[in-house]
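The block underneath contains the structure these notes are about, expressed in structure tokens.
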Amino acid sequence: MVGDSLMRQVLPDVDESVDLLTLYGAAPHGPGRPGVRLNMISSADGATAVSGRSGGLGSSGDLEVFTAIRAAGGPTPVVVERSGQEIGLTIDVARVTRLDANGAALTVGAIGAGQQAIFMYGPLTAVPATLEFTGEMFRNVWQGILSFPERIPALWDALGGGVRDENTPVSVVGASIIGGDAAERGLWEYFVLLLALLNFFVGVFNLLPLLPLDGGHIAVNLYERVRDTVRARLGKPKMPPVDYTRLLPLTYFVILVGGAVSLLTLAADIVNPIRLG
């Protein structure tokens, strides 16, 4: 997979018990030749062997290559096999933040497909980007509200000791725990985004056309305006305002269901909270 002398340039501490030339076949190297030869796509797909050269993911060679990449940084020469041909590339190994088994933040090298987390905008491009991001947040929050009922069983399972699904609802306690984990790890961008998302969710949820939410009052007001407009065009007098006492049964039902879900979510966050890492 790599030449021994070139491997020492990328990874100073080489496991002498692993003969990479035997495991992956010797690749000609020298001046101008890449120093890392990768053949891990098939392993990631779960194949046990490809042309007798690729072992299962987690083999000694794969683990050493992963270690070499994590130790690298910046432009790194690499050989990839594509359609039976070796192609020399230069890959910019990014230094990224990852969490270890104990939840501590580490800076390591990483390559591959990923999601860009930080975007840079100018004064003019920031305005449409902000509108686009706000619209995306609204869509995601709305989809979350629509899928809310189907997540209740998973929340109940988590309360009984099952694995807590990260997509289940959280209470103020759960959000505080997640925010505390983010602050403890120095993930302040995530902390601020979480705070903004919670406020955005509260605002959207409050607009649902259900009493006693503000959206319920807006819906009643719109009903009265439409009703009176139609009656005015028909030459009829306005009717008195809506009698809210008739809507009390529906209001009590919403309060009862909302309170039960809130208690369930609060209990799950105390017994089995969602944690970062």
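Values in this text are rule-based calculations from the coordinates and carry no lab data. No experiment lies behind these values; they were computed from the predicted model shown. Because the Cβ atoms are built from the backbone with ideal geometry, glycine has one as well, and the counts that use them run over all protein chains shown.
Before anything else, pin down the relative contact order of the stretch 179-277: Cα pairs under 8 Å, at least 6 apart, normalised by residue count, whole percent. Dividing the mean separation by the residue count of the stretch 179-277 yields 21 percent. Phi angles across the stretch 178-183 convert, under the Karplus curve 6.51 cos²θ - 1.76 cosθ + 1.60 with θ = phi - 60°, into 3J(HN,Hα) values of 5, x, x, 4, 5, 5 Hz, Gly and Pro given as x.
State the extension gain, in nm to one decimal, for the chain segment bounded by VAL204 and ASP243, taking 0.36 nm per residue of separation less the distance between their alpha-carbons.
Details: separation 39, 0.36 × 39 = 14.04 nm, distance 2.59 nm.
Length difference between fully extended and current span is 11.4 nm.
Stretched out fully, how many nm does the piece from ALA196 to TYR121 gain, at 0.36 nm a residue minus the Cα gap? Extra length available between ALA196 and TYR121 comes to 25.1 nm.
The relative contact order of the stretch 77-214 comes to 12 percent, based on Cα pairs under 8 Å that sit 6 or more residues apart. Here SER83, SER171, SER176, SER147 are placed in order of increasing Cβ neighbour count within 10 Å, fewest first, which gives SER83, SER147, SER176, SER171.
Residues MET239, MET137, MET120, arranged from fewest to most other Cβ atoms within 10 angstrom of their Cβ, appear as MET120, MET239, MET137.
Under 5 Å between amide hydrogens, built in the peptide plane, is the criterion, and for ALA72 it picks out GLY109 among residues at least 5 positions away or on other chains. In the calculated pair-distance distribution of the stretch 117-187, the portion above 15 angstrom amounts to 71 percent of the Cα-Cα pairs.
Assuming 1.002 mPa s and 20 °C, estimate D for the stretch 125-242 with Stokes-Einstein, Rh taken as the Kirkwood radius over Cα pairs, in µm²/s. Write out the running numbers ahead of the final one.
Details: Rh = 17.8 Å.
The Stokes-Einstein estimate is 121 µm²/s.
Taking amide hydrogens as placed 1.01 Å from N in the peptide plane, the amide H of LEU208 sits under 5 Å from those of GLY215, each at least 5 positions away in sequence or on another chain. Compared with the direct C-alpha span, the chain from LEU106 to VAL163 gains 17.9 nm at full extension, assuming 0.36 nm per residue.
Which of THR107, THR168 has the fewest other C-beta atoms within 10 Å, and how do the rest follow up to the most? Intermediate values should be presented prior to the final figure.
Details: THR107 10, THR168 22.
Final ranking by Cβ density, sparse to dense: THR107, THR168.
Taking amide H positions as modeled 1.01 Å from N, with prolines and chain starts lacking one, the residues under 5 Å from VAL78 and 5 or more places away or on another chain are GLY35, VAL36, LEU89, THR90, ILE91.
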